[in-house]
Amino acid sequence: MERELIEAYMDCDGTWQALAEATGQRSGDAVRLRYRRLGGTRIWPAGRPATSNTTASSAAEQQSNDETEGR
């Protein structure tokens, strides 16, 4: 489930660094390595601007909504 939450966050234009800050990790690289250890294989473009209202919690909420709606 953690891998899917990371993917949902990144699909919402999140960044590794912002995710690290939101989850208390030491760096974006640490989060990216954890994602890989969890079996994640997807790649997102580097250097894209994150939207100002994108947060880890909003990605988690979207994932929860998708699961509730059976997507």
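Brief remarks on what is shown
- Applying a threshold of 6 Å to beta carbon distances and a minimum spacing of six or more residues, or different chains, the list of pairs starting in the range 30-46 at a residue that is touching a residue at least 24 places away in the same chain (Cβ under 8 Å) and ending at one that is of a type in the set (Val, Ile, Thr) reads Tyr35/Ile6.
Rundown of residues vs (1) in a helix (DSSP H, G or I); (2) of a type in the set (Val, Ile, Thr); (3) at pLDDT below 95; (4) surrounded by 15 or more Cβ atoms within 10 Å (Cβ to Cβ), yes/no style:
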| site | (1), (2), (3), (4) |
| --- | --- |
| Glu4 | yes, no, no, yes |
| Ala20 | yes, no, no, yes |
| Ala30 | yes, no, no, no |
| Arg36 | yes, no, no, no |
| Asn53 | no, no, yes, no |
| Ala59 | yes, no, yes, yes |
| Glu67 | yes, no, yes, no |
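- Once the range 38-51 is narrowed to residues that are closer than 18 Å to Glu4 by Cβ and surrounded by 12 or more Cβ atoms within 10 Å (Cβ to Cβ), the residue that is modelled with the lowest pLDDT is Trp44.
The values are calculated or read from the model by the stated rules, or taken from the named source; none is laboratory data. Computed from a predicted structure; not experimentally measured. Ideal geometry is used to build each Cβ from the backbone, glycine not excepted, and the neighbour counts take in all protein chains shown.
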